[in-house]
Amino acid sequence: MTEITEAHARELAKQAARKAELLGTCRADLAGVERILFEAGCGHGHWLTDYAEVNPGVFCIGIDLISWRIRKGNEKKAKRGLQNLHFYKAELSEFLGALPEAIRFDRTILLFPDPWPKAKHHRRRMVQLGFLDEVARRTDRGGEFCFRSDDRPYFDWTVEHLNEHPEWEIDESAQWPYESETYFQSLMDEYHSVVAKRK
Ligand SMILES: C[S@@+](CC[C@H](N)C(=O)[O-])C[C@H]1O[C@@H](n2cnc3c(N)ncnc32)[C@H](O)[C@@H]1O
């Protein structure tokens with residue numbers, strides 16, 4: 001019992017330290033930034049680096065759980081000398097908890113997120129009502145949530161969650177914001193995309 005409590009306390013302390021470090025880094029990197037394009041689960045950063053390069057006026061942030069993928073993203077960013085782009089190694093909910101409150105999202109992008117096909121793992125999917133709430137809270141009317149997946153059940157799940165959500169409305173006529181093949185997209189024969197607008 002004592003061991004579990006101590007292990008739990010150590011984990012909480014680690015989480016608090018990660019959050020404090022992220023908060024400090026974000027505050028330093030994003031001083032003066034008011035609006036961003038946010039990509040969750042950006043992998044190697046292919047899409048976001050291309051997007052940031054052709055949209056120098058848009059400040060872009062990509063996060064991923066895996067350090068070496070973020071390292072690859074940072075190498076791409078450095079090669080192209082991009083000032084309007086930051087990659088962070090972070091878990092989605094920890095990152096959202098650490099991001100300064102004042103920052104608004106113009107667009108949120110999810111490209112080929114892990115589908116977690118077994119029902120008992122669905123709670124690990126990035127698209128959850130709580131996540132859509134948090135993104136809606138940080139997005140002004142007309143801002144976009146863009147989702148693309150090769151996995152039909154996860155795509156249907158996302159469409160259902162968006163349809164149920166009071167603050168998002170699927171826009172069938174919206175264009176995908178920018179085409180550039182991601183690593184996972186290059187492995188897939190087909191995929192499905194949906195764009196929703198903040199009501
Ligand atoms: C299938 S890959 C897709 C990567 C990239 N978007 C692409 O299309 O090539 C999913 C990515 O999401 C990241 N990921 C999964 N869950 C995450 C979470 N909770 N927070 C941050 N990143 C996460 C994984 O580490 C992985 O790199």
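Answer yes or no: is there a residue in the stretch 36-43 that is in a loop (DSSP other than H, G, I, E, B), within 30 Å of residue 190 (Cα to Cα), out of contact with any Phe, Trp or Tyr (no Cβ under 6 Å at 6 or more places or on another chain) and of a type in the set (D, E, K, R). Break it down into steps so the answer makes sense when it comes.
We begin by selecting, within the stretch 36-43, every residue in a loop (DSSP other than H, G, I, E, B); these are 41-43.
Checking which are within 30 Å of residue 190 (Cα to Cα) leaves us with 41-43.
Right, trim to out of contact with any Phe, Trp or Tyr (no Cβ under 6 Å at 6 or more places or on another chain) and you get 41-42.
Cutting the leftovers down to of a type in the set (D, E, K, R) gives us none.
So far as the stretch 36-43 goes, no, none of its residues is in a loop (DSSP other than H, G, I, E, B), within 30 Å of residue 190 (Cα to Cα), out of contact with any Phe, Trp or Tyr (no Cβ under 6 Å at 6 or more places or on another chain) and of a type in the set (D, E, K, R).
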Under 7 Å by Cβ, and 6 or more places apart or on different chains, what pairs join a residue from the stretch 31-55 that is under 17 Å from residue 143 (Cβ atoms) with one that is charged (D, E, K, R) and assigned to a helix (DSSP H, G or I)? none
Please identify the pairs in which a residue from the stretch 172-186 that is without any contact (Cβ under 8 Å) to a residue 60 or more places away in the chain and within 13 Å of residue 146 (Cβ to Cβ) has its Cβ atom under 8 Å from the Cβ atom of a residue that is within 14 Å of the ligand (Cβ to nearest atom) and not aromatic (Phe, Trp, Tyr), counting only partners at least 6 apart or on another chain. 176/146; 176/148; 176/193
Can you name the number of the only condition in (1) more than 10 Å from the ligand (Cβ to nearest atom); (2) small (Gly, Ala, Ser); (3) under 24 Å from residue 179 (Cα atoms) that residue 31 fails? (3)
For the stretch 48-70 the number of residues that are surrounded by fewer than 24 Cβ atoms within 10 Å (Cβ to Cβ) and either in a helix (DSSP H, G or I) or away from the ligand (no atom under 11 Å from the Cβ) (or both) is 13
Give, as residue ranges, the helices (runs of 4 or more DSSP H) completely inside the stretch 73-168 that count at least 2 residues that are aliphatic (A, V, I, L, M) and away from the ligand (no atom under 13 Å from the Cβ). 129-137, 152-164
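We did not get these values from a lab; they are worked out from the coordinates using the rules stated. Note that this is a predicted model, so its numbers are computed, not measured. We place every Cβ from the backbone using ideal geometry, glycine too, and count neighbours over all the protein chains shown.
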